[in-house]
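Contents: one structure, followed by commentary.
The values are calculated or read from the model by the stated rules, or taken from the named source; none is laboratory data. If you're wondering where the values come from, they're calculated on a predicted model, not measured in any experiment. Note that each Cβ is placed from the backbone with ideal geometry, even for glycine, and that neighbours are counted across all protein chains shown.
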Amino acid sequence: MIEIGFLESLIRMLDDSSLDTLEIRRGGTRLRLSKSPDGMAAAHPVAHIPAAPAAAVVPASAAAESTATPAAPKAAAPAASASAIEVTSPMVGTFYRAPSPEADPYVEVGSEVAVGDVLCVIEAMKLMNELECEGAGRIVEICVDNAEPVEFGQLLFRLEPS
């Protein structure tokens, strides 16, 4: 059980910081605090939750209207079709393409992915959060370099739906 004083201090720290979301795990309890008005902003203890929040998947046409600042492309980006899916970061953290420095990356440009496949890891506050794919398709662009910091809502991958 989480103590009320501890919870109140976390809320004050989140309010005073530039963070949007804070997630803490203690034993079988997960506590997530968020400033965003996306329906997940309530603080609630939940038991047995998967290790990572789901990736935000936005159609390319809707993402063009977004006010979030996308990552600068690292190479010439292929022309995104109207049906392209953009996967954005669900949190602030450090982007890793592989589970460890010596391991192969989860995906490469051209990789076919299915719903639930791990795309990358985002480290936030010493927690390694696997980002799972919410749509099937083929990776057409990886928009962030390995070990690079990412912001909430930053474009990470472009997928061509299958």
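Being at pLDDT 95 or above and closer than 21 Å to ILE24 by Cβ narrows it down to one residue among VAL150, VAL113; which is it?
VAL150
Select from region 102-138 the residues that are within 14 Å of the chain's Cα centre (by Cα) and either closer than 11 Å to LEU159 by Cβ or part of a loop (DSSP other than H, G, I, E, B) (or both) and list them in ascending order.
GLY116, ASP117, LEU119, MET125, CYS133, GLU134
From ASP145, ASP117, which residue is assigned by TED's automatic domain parsing to the domain that holds ALA82 and free of Cβ contacts under 8 Å to residues at least 24 places away in the same chain?
Going through ASP145, ASP117 in turn, just one is assigned by TED's automatic domain parsing to the domain that holds ALA82 and free of Cβ contacts under 8 Å to residues at least 24 places away in the same chain: ASP117.
Would you point out the residue of region 1-14, among those that are free of Cβ contacts under 8 Å to residues at least 12 places away in the same chain and under 13 Å from LYS35 (Cβ atoms), that is surrounded by the most Cβ atoms within 10 Å (Cβ to Cβ)?
Ranking the candidates gives MET13 first.
Please specify each residue of region 133-148 satisfying the condition of being buried (at least 20 other Cβ atoms within 10 Å of the Cβ) and either under 15 Å from SER83 (Cβ atoms) or touching a Gly at 6+ places or on another chain (Cβ under 9 Å) (or both).
Once the filter is applied, which keeps residues that are buried (at least 20 other Cβ atoms within 10 Å of the Cβ) and either under 15 Å from SER83 (Cβ atoms) or touching a Gly at 6+ places or on another chain (Cβ under 9 Å) (or both), region 133-148 yields CYS133, GLY137, ILE139, GLU141.
Considering region 111-126 alone, what residues qualify as being loosely packed, with under 15 Cβ neighbours inside 10 Å and under 18 Å from PRO149 (Cα atoms)?
Those that are loosely packed, with under 15 Cβ neighbours inside 10 Å and under 18 Å from PRO149 (Cα atoms): MET125, LYS126.
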